[in-house]
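Every number in this text was worked out from the coordinates using simple rules, so none of it is lab data. Everything numeric in this text was worked out from a predicted model, so none of it was measured. With ideal geometry, Cβ positions are generated from the backbone for all residues, glycine too; neighbour counts draw on all protein chains shown.
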């Protein structure tokens, strides 16, 4: 198993202070093969200046003078993976169980360091985090950006927008800065998340989550449209959660940038997704995780058959969505003890009809486009951040290589995981 390079952590935490002012940091990385996001380069040399890729050459090119040389020539190189649906601050206490008692934001962020480490070890160098209490996700993002915390690059949403109507009897009331029950309240809630520092907006457009696989739509089309319009007017993208087809249909019509989880999508909605270039983030594997962790979560009796039935619907929907030509992005919906399993979603994409290369594109170039960062992340090419993954084997022949045989990880020119 790869492990975090503890020697480099002090330099990472010190950030710019680790190098003399004005110093030019040059790094050269050898790979046996490199898939850059669209093509394979044999015997690749990636030259990195500071945190971005300066050049990529084939055929055992000579590193520039003075460069630190990293020999990953026994490995296959890939761009850093992007997980577009996580909940990084959902952390398990040492020796505890998931979904424990309420904590202060500081405790949540401190405990989330383990989630960050495990995420990096899967090769995920960037995440989109879709919902956290008390703006703990914003704090975590900022700590990582300033070099005070070890973790992937984060794009965060603050509170997810939720409603208090249409709740099941006995269900807990939503709380916090994301509660909205009308178009006007939705507009205020979106503006509030952005004012506090959110990079993206998250909206819960249906019921469903954990062992609950119900699909009842919550927000109306008018409310979804209000959220989309104000988010886009303020330069932000919006992800709408919908387990069911009705909420997904209205999310697509409203102009959401991505639809999360949805099953049983009708042909008209698929056609609209293609026309509007809406991304589908099915998160199939998160319910597999809930099946495996049902005892750990203390789910109610009968939950596992319901979860398995939903998985089957989710996979069948993904097959239809892929066949229709809709764009996919990889999202794990990782929570609690699921971190470290972030890329297992890729195997479901292959089951849905993708080649391994097409599956890898959902976690690189497609995901980068969804994040609005197509010129910065998702490719191993000049001008892009030096986010690189070394795997043992050929990931274009077997997707399990990318999932289970990560040996080295670099984020922005710094080695985070060493072979």
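Laid out as a table, the results:
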read-out: Largest-first ellipsoid semi-axes for the range 337-419, taking √(5λ) over the Cα gyration tensor eigenvalues, angstrom; value: 20, 17, 12
read-out: Segment residue 381-residue 42, extension gain: residue separation times 0.36 nm, minus the distance between their alpha carbons; value: 120.6 nm
read-out: Using alpha-carbon coordinates, inclination of helix 183-196 to the longest axis of the chain, degrees; value: 30 degrees
read-out: Base-10 log of normalised Debye intensity for the range 48-104 (one unit scatterer per alpha-carbon) at q = 0.28 Å⁻¹; value: -1.38
read-out: Extension gain (nm, one decimal) between residue 324 and residue 351, 0.36 nm per residue minus Cα-Cα; value: 8.1 nm
read-out: 13 Å cut-off, amide nitrogen to a point 7 angstrom out along residue 312 Cα→Cβ, residues in the range 253-270; value: none
read-out: Cα-based convex hull volume of the range 83-370 per residue, rounded to whole Å³; value: 118 Å³
read-out: Fraction in percent of alpha-carbon pairs per bin - 10 Å, the range 258-360; value: 15, 46, 29, 9, 0
read-out: Protection proxy ranking, peptides 286-299, 353-366, average beta carbon neighbours within 10 Å, highest first; value: 353-366, 286-299
read-out: Computed helical MRE - 222 nm, the chain, DSSP H runs ≥ 4 contributing -39500 (n - 2.57), nearest 500; value: -9500 deg cm²/dmol
read-out: Helix 136-145 axis, angle to the chain major axis (alpha carbon atoms, nearest 10°); value: 10 degrees
